[in-house]
Amino acid sequence: MAVRKATGVYAADVLPRRLIAAALTATCALSLGACANTLQDSPIPHNALEGLIMAPFPVYWLGRSFRGMAVTETSHDRGGAYTVFYGDCAEGGEGSCVHPLKVVTSPDNSFLPGGSTAKRAIRIRGVSAVLARQGRTVVIATAGVVLDIYATSAATAWAAAETTVPINFIGAPQASLPSALPNTGYGEMPLPNQIPRPMHALG
């Protein structure tokens, strides 16, 4: 995650103060508000989304931006889950950024995350779901995946749950979601680095 810093003005002792102020204002504007927010992120390039498009299961997102928050990062963990992050860091900095919204698609549908936190069962878009963290987390089992939405406000989490669609399959905002499938057994499959390599005879 890039942390932007405003560039300096090198002719400080030559230019009049008004000109220096104008130069700093222009620098901040060109940096998309970097002077006001050192945690500002740049929207990711289109090719960063290609991994999501090539996934063999539906990967959910909210488009290139949602409620004024652009996609700022994506990740693919070793367990197979894809995460799409929206907006600048709500807190933290480089290495500890907490985004205001993230959408996680896990191909392991054998469990619903949440642990012992208080939660409430609901129905959304025709399927069963769970609300947790006072509505700031929405967990939806649909088709062969579990969709988790984490937001800094319950209103944002609910709006995201109502409009999220697969980036790589056909879907429409607010349309009914496919029903959950029986346990696909994905969680029991070994990771690539857990599969032993074949032994070959020496000599």
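Read-outs: derived from the displayed coordinates by stated rules, not from any lab. Owing to the predicted nature of the structure, the values given are computational and were not obtained by experimental measurement. Quick reminder, even Gly has a Cβ in these numbers, built from the backbone with ideal geometry, and neighbours come from all protein chains shown.
Here are the numbers for the structure shown:
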item: Peptides 120-131, 80-91 ordered by average Cβ neighbours within 10 Å, highest first; result: 80-91, 120-131
item: Sites E91 and S65 - FRET efficiency at Förster radius 22 Å, r taken between beta-carbons, to 0.05; result: 0.60
item: Difference of contour (0.36 nm per residue) and Cα-Cα distance, Q134 to T184; result: 15.0 nm
